[in-house]
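The values are calculated or read from the model by the stated rules, or taken from the named source; none is laboratory data. These figures come from a predicted structure and were not determined experimentally. Here the Cβ positions follow ideal geometry from the backbone for every residue, glycine too, while neighbour counts run over all protein chains shown.
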Amino acid sequence: MKGDHHIILRVVAKCLIPLILIYAFYVQFHGEVGAGGAFQAGVVLAVALILHSLVFGLTATMRAVPPWFTRGLSAVGVLVYAGVGVWAMLNGGAYLEYQALFFEPPGGHDGQHAGIIIIELGVLFAVSGGLSTIFYALAGRVAEIRDEDW
Amino acid sequence: MILELLLTSAPDWAIRHAAVLIVVVPLVMAPILALSPSARLAWFLALLATAASSYFAILTLGIVQSTPGGIIEYWIGNWYLIGIEFRVDALNAMILLIVSGMAFLATVFAWPTILADVEKQKISLFLCAFLLCFAGLCGVAATGDAFNLFVFLEISSLSTYVLVAMGARNDRRALPAAFDYLIMGTIAASFYIIGVGFLYAATGTLNMAEMAAQLPALAGNRSVQVGFAFIVVGLGLKAAMWPLHQWLPNAYSYSPSFVTMFLAATATKVALYALIRWLFTIFNLDYSFEQAIFTWVLAPLGIAAMVICSFQAVFQTDVRRMLAYSSVAQVGYMILGISIANAAGVSAGLLHLFNHSLMKGALFMALAGVCLTYKGTTVRDFAGLGRSAPFTMSAFAIAGLSLIGVPLTAGFMSKLQLGYALFDHGWWWAVLFVVFSSFLAVLYVGRLLQAIFFEAPANPGKPRKEAPLIVLVPLWILALANIYFGIDASFPVGLANDGAAAALGLEALQ
């Protein structure tokens with residue numbers, strides 16, 4: 001493209017965004033054994049989106065990841081988290097009792113394992129969706145008073 | 001009797017999980033509402049969620065009253081002694097009943113006012129925020145964990161800021177009001193969490209019951225005292241304890257009328273409950289510094305709120321602001337009751353809390369009905385409404401009389417109890433202030449009633465128009481409750497006595 005000042009920026013961003021996304025999932029699943037966790041992963045996911053919109057413009061980003069999707073994602077995240085609690089309850093445990101997820105006898109760890117992973121997934125959805133929604137709301141805001149009106 | 005019937009008919013799972021389901025149902029429903037495509041469906045689901053919560057709250061009350069110790073313990077995730085505990089005794093059960101009952105009535109009447117106040121495509125998100133706020137308030141009331149209380153406090157506060165700011169469609173001043181509330185609310189929450197931090201450092205636990213057990217050994221510990229001070233200021237701010245009430249009048253005046261009604265009936269009550277829980281259950285009266293706080297801080301602040309804010313209410317021209325200042329004054333009565341620091345005083349405070357949520361609920365609901373049909377909330381706009389909307393306005397008048405404390409209304413009963421408690425404690429001079437403040441209430445309510453019933457309409461061409469039926473029915477339920485509990489107060493008095501006994505750790509009080 002001729003006259004494009006930002007070609008280097010665009011190319012670098014295009015390379016970086018997939019890496020950031022992968023790193024987000026690394027942080028997500030690494031949370032079990034070391035530093036990391038779903039909240040941080042969600043923030044990193046949202047950062048990829050913000051970088052995209054900084055370089056390619058908000059309209060392009062909103063076309064790729066529409067606002068209704070980010071908003072829905074955060075709602076689904078909360079639902080996943082709360083849903084695991086209800087699932088445990090339906091299986092006869094207390095609210096959020098992971099042990100009850102697969103009707104395990106005491107000592108079994110599958111329920112604990114699955115429960116925490118699903119819940120972290122819910123947090124990932126909620127945080128990345130929430131942060132992207134906030135970003136869209138701030139960035140997409142049209143000034144109500146124009147500068148020359150002051 | 002109704003309670004027994006409910007208890008026997010309830011399924012096992014409901015009995016086992018009742019305490020936690022009060023919070024879980026709206027918490028699960030809220031994200032579903034956010035995804036709901038239709039506003040009407042969202043309202044219907046919200047109605048379902050608040051109705052279910054109310055059912056579980058009544059069930060919880062029944063369980064608390066029928067178990068010997070009067071305490072429900074529920075460990076989230078079954079992490080016994082290390083996790084978060086939901087702990088409901090007679091005190092929380094009462095608050096949960098008030099909050100969920102008022103939320104249900106609020107949701108019923110909400111539909112027409114939301115249609116008028118909120119943009120169509122935002123209605124389901126608005127109701128989602130409302131359910132989150134409701135879940136947060138119930139969570140504050142149900143939890144037995146000091147840090148978890150903070151989390152729920154934040155859930156309810158954050159969604160409240162959103163709800164208040166939604167008033168911007170009608171009045172742009174809702175935005176600064178919401179922002180003020182955000183700043184003050186955040187300061188309050190940080191003070192609370194700082195206090196919890198100090199206490200955690202001293203005791204090594206966040207569980208309230210455990211903390212209460214450890215604290216006597218730490219009497220005189222400086223960090224415990226600092227933590228106590230932070231918590232009292234933080235929760236006092238949330239409860240709009242004078243002079244920390246500055247956020248309240250604006251937040252109540254500019255938010256959508258449905259939000260005003262819900263907040264006035266529940267939000268400050270829950271913060272006040274948390275204050276009672278900290279003052280009496282976790283700390284207790286054996287601490288000398290706490291005695292001093294009751295006599296020299298809480299009692300004067302309560303009296304100042306009663307007198308000063310009633311004065312401010314008299315001079316307001318906007319009805320919503322008038323009622324908002326009156327709310328701060330009523331919080332003063334409750335604080336005064338608490339500051340007597342014995343079972344009778346706390347019981348009087350709790351009874352007034354119960355009655356105040358009935359009368360302010362009815363007043364703001366009638367106000368919402370007026371906003372809906374006539375727009376305009378100044379006293380002048382109310383002139384002659386008694387003739388054009390007699391049913392709405394007579395319910396308003398009943399609740400107004402209850403606010404003054406006229407005999408045969410609920411307000412009279414709680415002021416009577418408060419008076420008895422003050423006399424027994426030897427604070428006869430405080431009774432004078434109660435009477436004086438009630439006299440001020442006669443002035444501001446009387447000014448309104450005079451405009452409503454005895455003045456000619458400001459605009460004679462105004463057609464005769466009642467609020468819609470869906471507003472009138474819950475409004476009259478509240479108005480009749482005001483009268484019923486003024487004649488036979490045994491139910492709320494019983495709740496308040498049990499609650500006070502539970503707060504102070506006494507055997508049931510007769």
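Could you say which residue among B:Ala34, B:Ala42 is within 30 Å of B:Arg172 (Cα to Cα), more than 20 Å from the chain's Cα centre (by Cα), within 14 Å of chain A (Cβ to nearest Cβ) and buried (at least 24 other Cβ atoms within 10 Å of the Cβ)? Explain how you work it out, then say what you get.
Working: B:Ala34 fails: buried (at least 24 other Cβ atoms within 10 Å of the Cβ).
Result: B:Ala42 is the single residue among B:Ala34, B:Ala42 that is within 30 Å of B:Arg172 (Cα to Cα), more than 20 Å from the chain's Cα centre (by Cα), within 14 Å of chain A (Cβ to nearest Cβ) and buried (at least 24 other Cβ atoms within 10 Å of the Cβ).
Please work out if B:Leu27 is of a type in the set (A, V, I, L, M, F, W, C), more than 23 Å from B:Gly494 (Cα to Cα) and either touching a residue at least 24 places away in the same chain (Cβ under 8 Å) or in a loop (DSSP other than H, G, I, E, B) (or both). Before the answer, list the steps.
Numbers: of a type in the set (A, V, I, L, M, F, W, C): yes; more than 23 Å from B:Gly494 (Cα to Cα): yes; either touching a residue at least 24 places away in the same chain (Cβ under 8 Å) or in a loop (DSSP other than H, G, I, E, B) (or both): yes.
Answer is yes for this residue.
Those residues that are within 17 Å of the chain's Cα centre (by Cα) and either within 14 Å of another protein chain (Cβ to nearest Cβ) or not in a helix (DSSP H, G or I) (or both), I need them from the range A:108-117; list them, please.
The initial filter retains those residues of the range A:108-117 that are within 17 Å of the chain's Cα centre (by Cα), namely A:116-117.
Across the range A:108-117, the qualifying residue is only A:Ile116.
Return the pair list, or none, for Cβ contacts closer than 7 Å from residues in the range A:113-142 that are hydrophobic (A, V, I, L, M, F, W, C) to residues that are outside any helix (DSSP H, G or I), at least 6 apart or on different chains.
A:Ala114/A:Leu101
Give the residues of the range A:55-81 that are of a type in the set (A, V, I, L, M) and without any contact (Cβ under 8 Å) to a residue 40 or more places away in the chain, sorted by residue number. Talk me through it step by step, then tell me what you get.
Filtering the range A:55-81 down to residues of a type in the set (A, V, I, L, M) leaves A:55, A:58, A:60, A:62, A:64-65, A:73, A:75-76, A:78-80.
Within the range A:55-81, A:Ala60, A:Ala64 meet the criteria.
Go through the range B:99-114 and give me each residue that's more than 16 Å from B:Phe152 (Cβ to Cβ) and touching a residue at least 60 places away in the same chain (Cβ under 8 Å). Break it down stepwise before answering.
Kept after step one, since they are more than 16 Å from B:Phe152 (Cβ to Cβ), are these residues of the range B:99-114: B:101-102, B:104-114.
Residues satisfying the conditions are B:Met102, B:Leu105, B:Ala106, B:Thr107, B:Val108, B:Phe109, B:Ala110, B:Trp111, B:Pro112, B:Thr113, B:Ile114.
How many residues are more than 28 Å from A:Thr70 (Cβ to Cβ), within 12 Å of chain A (Cβ to nearest Cβ) and out of contact with any Cys (no Cβ under 6 Å at 6 or more places or on another chain) if we restrict to the range B:14-31? Talk me through it step by step, then tell me what you get.
Step one: list which residues in the range B:14-31 are more than 28 Å from A:Thr70 (Cβ to Cβ), which gives B:14-22.
Narrowing further to those that are within 12 Å of chain A (Cβ to nearest Cβ): B:14, B:16-22.
Now narrow it down to the ones that are out of contact with any Cys (no Cβ under 6 Å at 6 or more places or on another chain): B:14, B:16-21.
Number of matching residues: 7.
Restricting the range A:82-96 to residues that are more than 20 Å from A:Ala126 (Cα to Cα) and in contact (Cβ under 8 Å) with a residue 12 or more places away in the chain, which is nearest to the other protein chains (Cβ to nearest Cβ)?
Per the criteria, the residue is A:Ala88.
Pick from the range A:50-75 the residues that are among the small types (Gly, Ala, Ser) and assigned to a helix (DSSP H, G or I): which of them is nearest to the other protein chains (Cβ to nearest Cβ)?
Just the residues of the range A:50-75 that are among the small types (Gly, Ala, Ser), to begin with: A:53, A:57, A:60, A:64, A:72, A:74-75.
The next check asks that each one be assigned to a helix (DSSP H, G or I); those that pass are A:53, A:60, A:64, A:72, A:74-75.
Working: A:Ser53: 22, A:Ala60: 24, A:Ala64: 21, A:Gly72: 6, A:Ser74: 8, A:Ala75: 4 Å.
It comes out as A:Ala75.
For the range B:295-304, check the following and say yes or no: at least one residue is under 19 Å from B:Tyr444 (Cβ atoms), in a helix (DSSP H, G or I), modelled with pLDDT of 90 or more and in contact with a Phe, Trp or Tyr (Cβ under 6 Å, 6 or more places away or on another chain).
So far as the range B:295-304 goes, yes, one or more of its residues are under 19 Å from B:Tyr444 (Cβ atoms), in a helix (DSSP H, G or I), modelled with pLDDT of 90 or more and in contact with a Phe, Trp or Tyr (Cβ under 6 Å, 6 or more places away or on another chain).
I'd like the full set of residues that are free of Cβ contacts under 8 Å to residues at least 12 places away in the same chain and closer than 20 Å to A:Thr70 by Cα, limited to the range A:1-53.
Across the range A:1-53, the qualifying residues are A:Pro18, A:Ile22.
When residues of the range B:208-223 are filtered for being closer than 28 Å to B:Ile72 by Cβ and either among the hydroxyl-bearing types (Ser, Thr, Tyr) or within 30 Å of the chain's Cα centre (by Cα) (or both), how many remain?
Here the count works out to 7.
On the basis of being closer than 30 Å to A:His5 by Cα and either surrounded by fewer than 14 Cβ atoms within 10 Å (Cβ to Cβ) or in contact with an Asp or Glu (Cβ under 9 Å, 6 or more places away or on another chain) (or both), does A:Pro66 make the cut? Walk me through it before giving the result.
Numbers: closer than 30 Å to A:His5 by Cα: yes; either surrounded by fewer than 14 Cβ atoms within 10 Å (Cβ to Cβ) or in contact with an Asp or Glu (Cβ under 9 Å, 6 or more places away or on another chain) (or both): yes.
Criteria met by A:Pro66.
Collect the residues in the range B:1-13 that are away from every other protein chain (no Cβ under 11 Å) and either charged (D, E, K, R) or touching a Leu at 6+ places or on another chain (Cβ under 8 Å) (or both), keeping them in residue-number order. Outline the logic, then answer.
The first filter runs over the range B:1-13 and keeps only residues away from every other protein chain (no Cβ under 11 Å), leaving B:1-11.
Correct list: B:Leu3, B:Glu4, B:Leu6, B:Leu7, B:Ala10.
For the range A:76-107, give me each residue that is surrounded by fewer than 18 Cβ atoms within 10 Å (Cβ to Cβ) and assigned to a loop (DSSP other than H, G, I, E, B).
A:Asn91, A:Gly92, A:Phe102, A:Phe103, A:Glu104, A:Pro105, A:Pro106, A:Gly107
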